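Okay, structure first, notes after.
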Amino acid sequence: MEAPQTSDVKVYIYDISMGMARTMSRGILGVQIEGIWHTGIVVYGQEYFFGGTSGIEACSPGGTILGQPLQKIDLGKTEIPFDVFMDFLHELSSTTYTAESYHLFDHNCNNFSSELAQFLTGKDIPAHITSLPQDVLSTPFGAMIKPFVEALHVQGGHSPFQ
């Protein structure tokens, strides 16, 4: 079977706080945040994301332990052939997005989704998602909770290279 040559591209957005950030952030941080975001890119029938356990992972769309996303944003269609996309992912998995390189605030799933979205479509994921870590860390309480939040990881996928 020949690999598909085009695909729709979507960013799936999840709140790993399960609504707690929205209800508690103002009282705790002194600023309102709507969620603690995890994102994945859905393309060629799979959802690709980056996590600290295995690096780049894939699963069926909405198949992580987070369940269904809060939001799905259509980024358009990619003209990047599947085999070129997989070569790009493989390169990222061995250089930029290894399990050991994961850092919740500085090098996370949202950075990966942003890079992948731009490669596939020339469009980025929403800026409020990629700016959230620095928004939180700029508060006094943000600096205090950094060790707890860094322990959070999303799982539920498999290596797309097996």
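The values are calculated or read from the model by the stated rules, or taken from the named source; none is laboratory data. Quick caveat, the model's predicted, so the values are computed rather than measured. In this analysis, Cβ positions are derived from the backbone assuming ideal geometry, glycine residues included, and neighbour counts consider all displayed protein chains. Heads up: the accessible areas ignore ligands, DNA and RNA and are worked out on the full protein's heavy atoms, side chains in. Shrake-Rupley method; radii C 1.70, N 1.55, O 1.52, S 1.80 Å.
Listed by first and then second residue, the pairs with beta-carbon distance under 6 Å, at least 6 apart or on different chains, first residue in the range 88-109 and at pLDDT 90 or above, second among the small types (Gly, Ala, Ser), are Ser93/Gly55; Tyr97/Gly55; Thr98/Gly55; His107/Ser101. Selection of the range 60-74 for residues being open to solvent by less than 30 Å² (accessible area, probe 1.4 Å) and within 13 Å of the chain's Cα centre (by Cα) yields Gly62, Thr64, Pro69.
If you filter the range 75-99 down to residues that are assigned to a loop (DSSP other than H, G, I, E, B) and of a type in the set (Val, Ile, Thr), you find that the one that is most open to solvent (accessible area, probe 1.4 Å) is Thr95.
Considered as a group, the residues in the range 26-42 that are out of contact with any helix residue (DSSP H, G or I) (no Cβ under 6 Å at 6 or more places or on another chain) and buried (at least 21 other Cβ atoms within 10 Å of the Cβ) include one that is nearest to Thr64 (Cα to Cα), and that residue is Gly40. Exactly one residue out of Ala117, Ala99 is under 16 Å from the mean Cα position of the chain (by Cα) and within 21 Å of Asp8 (Cβ to Cβ): that is Ala117.
Taking the range 8-18 as the range and being without any contact (Cβ under 8 Å) to a residue 40 or more places away in the chain and open to solvent by 20 Å² or more (accessible area, probe 1.4 Å) as the test, only Met18 passes. Based on what the data block shows, is Leu92 of a type outside the set (D, E, K, R) and either touching a Pro at 6+ places or on another chain (Cβ under 8 Å) or within 20 Å of Ser25 (Cβ to Cβ) (or both)? For Leu92, the condition - of a type outside the set (D, E, K, R) and either touching a Pro at 6+ places or on another chain (Cβ under 8 Å) or within 20 Å of Ser25 (Cβ to Cβ) (or both) - is not met. The condition (being modelled with pLDDT of 85 or more and not hydroxyl-bearing (Ser, Thr, Tyr)) is satisfied by just one residue among Gln118, Gln155: Gln118.
Residues that are free of Cβ contacts under 8 Å to residues at least 60 places away in the same chain, among the polar types (S, T, N, Q) and within 28 Å of Met144 (Cβ to Cβ) do not occur anywhere in the range 61-79. Screening Lys146 on (1) surrounded by 13 or more Cβ atoms within 10 Å (Cβ to Cβ); (2) at pLDDT 95 or above; (3) charged (D, E, K, R) shows it passes everything except condition (2). When the test is whether a residue is open to solvent by less than 40 Å² (accessible area, probe 1.4 Å), outside any loop (DSSP other than H, G, I, E, B) and of a type in the set (A, V, I, L, M), Leu116 passes it.
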